[in-house]
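Shown next, in structure tokens, is the structure this report addresses.
No value in this document is a laboratory result; all are computed from the given coordinates. Source: prediction; values computed, not measured. With ideal geometry, Cβ positions are generated from the backbone for all residues, glycine too; neighbour counts draw on all protein chains shown.
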Amino acid sequence: MTVVYDDLGDEAAEEVPMRRIRFTINGAKKIAEIEPRLLLSHLIRRGVGLTGTHMGCDTTNCGACTVLVDGKPIKSCTMLAVQVDGREVTTVEGLASMSELHPLQEGFKQEHGLQCGFCTPGMMMAAKGLLDRNPEPTEEDVRWALSGNLCRCTGYQNIVKSVLWAAEKIRAEG
Amino acid sequence: MTETTARPAALDEIKIGGLGASRKRVEDDRFIRGKGNYTDDITLPGMLHMEILRSPLPHARIKSIDTSKAWEIPGVHLVLTGEMMATRNLAWMPTLSYDTQAVLATDKVRFQGQEVAAVIADDPYIAKDACDAIDVDYEPLPPIVNPAQAQADGAPVIRDDKEGQVNNVIYDWEVGDKTGTDRAFAQADVISKIELHYPRSHPSPIECCGSVADFNRATGKLTVYMTTQAPHIIRAAVAMVAELPEQMIRIVSPDIGGGFGNKVPIYPGYVVSILASILLERPVKWIEDKTGNLISTGFARDIYLQGELALRNDGKILGMRMHTDADHGAFFADAQPSKFKIGLMHSTFAAYDIPAAHLTARGVYTNKAPGGVAYRCSFRVTEAMFFQERMIQAAADDLGMDQAAFRRMNFVKDDDFPHRTPFGFLTDSGQYAKCLDVGLKAIDYENFRKEQQEARKQGRLLGLGISTMTEPLGAGNSREYDILGIKMFDSADLKVHMTGKAILRTGAKTQGQGHETTWGQIVAHELGIPAEDVTVEEGDTDTAPFGMGTYASRSTPVAGAAVAMVSRKIRAKARKLAAHLLEVSEEDVEWELGRFYVRSAPERGVTIQECAMAAYSNMPDGMEPGLENTAYYDPPNLTWPFAVYIVTVEVDPATGVWDVLKTVAVDDCGVRINPMIVEGQIMGGLTEAYAMASMQFITFDGDGNCVGSNYMDYLLPSAWETPGFELHSEVVTPCPHHPIGAKGIGECAAVGGPAAFVNAVMDALSGTGVRNIDMPVLPDRVWEALQTHHDVSGAPPVRSDS
């Protein structure tokens, strides 16, 4: 591996404190040297290069940046990257392999649960968090679980259907 | 060649993904995998990052800007201010409405959030640090946050940069027949009036705006990846503003995370990133944060509507008169057809048969962000339809007439098309009363009215709101519609390869509408080539034919028509190839979906795929090889969809909170290419209508601070708040002048929906003496109206708590 940095002078190097963290992302173990202030979403997008996790609002409102940390959905735009030291992160890219789809991914396509696609990864990760703890959700359960994720295109009706479609498929597959 | 003894079975159009198939979306395959390619996902070698410093004040003179500390921060490559932009003649840029807009402020800041300086650094964190290190000395000036303040005696002139601008008025404009309208009012039995403020709203796609500008000194080529709904307009504007040769500019609009009109205008961030890339000879990425997006980019609405109807006692409308005061912010930057100063506001009442109408409009500058102005709406049509349906409700109440009966009586009748509206539009077709009947049946109108009366006796407030709309979609014919002089046609380019597979490109740009899916369906309908064999590409000006982009629900009416027309050109050539292959004259060749055959011997035929192969391998003598063509479509008229939205609500008199009981939508958008996608568009539009009616708005306090500058203050409904919707597609009136009979649909529900929700709440409050509560109909406004029995205005400045 070759990494070439701009030489910003010794003073700059001293000014920026760096932290070394170890974490797992989508099953792969990683080590990163980062500024303590780096946001998890930026570690994922710019550091690891996984751009499926999107930045929408910067204030924990829209949920486009939702990922799983140790299996629980969190909004990565307001979590510091240093907080995942020793922990496990799952992003949309880790939902399934490229050749196979997770039932949530299939459900969103089958039920037209997306239009521009920008909120979709966050929606699916929040929905995964729900289905992992409640495999038989009602429509109301789904609406509540996704209430931290905003979509401007669909009106949610088909997103809810998509999640219920996935729940049904997961149950059927046992 | 297929030489069979029996005629092959006809192709099943639905099976090949043709017209009417609810085909699953092609674009989903990448989005569900997290493999979309949005502007912020683009990383180029050596790329730098740009951040913008914005003004904290709404109106102030800039005394000095000290950037020295920013330059000292390691990792900073460039700090740009208005003064430096001015040396390149780029401190100001033209807007889409023939005004000018500051790129980086030089003399004054004119709204909170205005762009003052920019830093380009190795890393966005460093760029942000450096923005914080810039020291700007401001001399505050009094802020103006509404048209009344703007026109008050002694109001400061916001645009003192413009020679000859002595006040804050941008334009006075009028349309219609004043004399005829005055006569109608003189003859009226009843005159019904209403006054409203349609609040400032922001389209607020989840993805903010951004660009990656990449100027290559070696080739002289400028490539800009950016969040634009109209890449060709941007290319033309960059060529004119930056004085770069147009063939050396490539605008690429990659995947767009929602547009809704927000991504039509040209923003200072794009311009600065382009200049920075030219100066630094490295790619420069600028990605706006949410606050930057909400406080500085294209808003919509913010208009004061007052009007009146001249009525006969039996309910016939004789005339309509209205005046609008529009708050355009600090720069008149509306993206709208050049000819119309207040957009297509004069489409109001197009669905009603009204003999005379007159509209006056005034636009003013204020210390607020400049517009895009359209938000899921064709140039002010949302305001026009909202005013219309609020006015209709008030008039029916004043006459003591039933809401449905009053509308039915005044609708343009089915056999009266094409119908000339009093403002000169020619509506093309519709079955208005039928749509209304479908809606009333679905909501169980008569029973709800009884239930409502019973509930009243128990102190429960139920309400029902009707809203109808017809909307001029698909701008537009070149006689009337242009932006900066460029006529609003669109285009499609179809290349059929020798194996019968094809690639289609258009001048439109999908942002979630599903063009990659639906355009293939039009080709399948016209040529019998399965939709899955047609790849659709949009958004790259180096490859796409020139078009005006996607907004104002114009894609299907204009670019979609171009797709049909280019397919027909391809079919015309394929017919010649078929005649050659079948060894008969062209006149003896007949077409059925996907196949030409000999009229006298239907079993003798060739498929479109066989014709494609022949175009490259076996063309007749003298024929140009290849099976490729381009069509430019200049629509003869706008398309006029119609819809009825009916909402029932219950208002809690103790708190003012209202809940939606049921929402029914009856949309007649002509032929539906992909019913699944059309329904998705309608549900999305209804949600934005509910949002505007219930919670979503941007306002300002008396000091000019923007309230609604982030998602904690700018409320958008989530899955929890958003009601369910019942959609109806029973009524289909094909557009008589569109090649496949389709009409626009993307905006209809957002245009017609708001009045249904507001009318429902106002209906629940009937008898309380309250005529109007401005949107959003917040619980505290409802509660106040119930307490005071007065109307509640939502116009800025917001009242302070003290």
**OP:** Kindly provide the helix-only [θ] at 222 nm of the protein assembly as shown, computed as the sum of -39,500 (n - 2.57) over DSSP H runs of four or more divided by all residues, to the nearest 500 deg cm²/dmol?
**Re:** -8500 deg cm²/dmol
**OP:** Could you work out how far the C-alpha centroid of the stretch B:76-91 sits from that of the stretch A:62-134, in angstrom?
**Re:** 41
Original post:
Magnitude of the Cβ-charge dipole of the stretch B:505-641, K/R +1 and D/E -1, about the Cα centre, nearest 20 debye?
Top reply: 360
**OP:** Note down the nm distance, to one decimal, between modelled labels 7 Å out along Cα→Cβ at residue B:216 and at residue A:7.
**Re:** 3.0
Original post:
What is the stretch B:188-232's relative contact order, in percent, from Cα pairs under 8 angstrom and six or more apart in sequence?
Top reply: 26
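What area, in nm² and to one decimal, does the C-alpha convex hull of the stretch A:113-171 cast on average over all directions?
Working: hull surface 13.8 nm².
Projected over every direction and averaged, the Cα hull of the stretch A:113-171 covers 3.4 nm².
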Subject >> the protein assembly as shown - convex hull of alpha carbons, volume per residue in Å³ >> reply: 197
**OP:** Please turn the phi angles of the stretch B:412-422 into ³J(HN,Hα) values with the Karplus equation 6.51 cos²θ - 1.76 cosθ + 1.60 (θ = phi - 60°), one per residue in order, whole Hz, x for glycine and proline.
**Re:** 5, 7, 4, 8, 9, 9, x, 10, 8, 7, x
**OP:** From the P(r) of the stretch B:367-475, can you give the percent of Cα pairs sitting at distances over 23 Å?
**Re:** 43
**OP:** Determine Rg/Rh for the stretch B:161-249; Rg is computed over alpha-carbon atoms and Rh is the Kirkwood hydrodynamic estimate from the same atoms.
**Re:** 1.24
**OP:** Measure of size requested: the Rg and Dmax of the stretch B:621-714, with Cα atoms as the atom set and Å as the unit; please supply both.
**Re:** 22.9, 84
Original post:
Tell me, Kirkwood radius of the stretch B:652-802 from alpha-carbon pair distances, in Å?
Top reply: 17.3
Subject >> Principal semi-axes in Å for chain B [√(5λ), Cα gyration tensor, largest first] >> reply: 43, 39, 22
Original post:
In Å, what is the Rg of the alpha-carbon atoms in the stretch B:41-163, and how long is Dmax?
Top reply: 16.3, 56
Original post:
What is the pair-distance distribution P(r) of chain A, computed from all Cα-Cα distances in 5 Å bins starting at 0, with each bin given as a whole percent?
Top reply: 1, 8, 16, 20, 18, 13, 9, 6, 4, 2, 1, 1, 0
Original post:
To the nearest Å, what is the center-to-center distance of the stretch B:366-394 and the stretch B:104-160, using C-alpha atoms only?
Top reply: 27
Subject >> Along principal axes, Cα extents of the stretch B:658-713, largest first, whole Å >> reply: 50, 26, 18
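Give me the compactness ratio for the stretch B:202-343, meaning the Cα radius of gyration over 2.2 N^0.38 Å.
Dividing the Cα radius of gyration by 2.2 N^0.38 Å gives 1.39.
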Subject >> Amide H contacts of residue B:117 (H built 1.01 Å from N, under 5 Å, at least 5 apart or other chain) >> reply: B:53
Subject >> Bins of 10 Å, starting at 0 and running to the largest distance - Cα pair percent for the stretch B:347-405 >> reply: 17, 41, 28, 13, 2
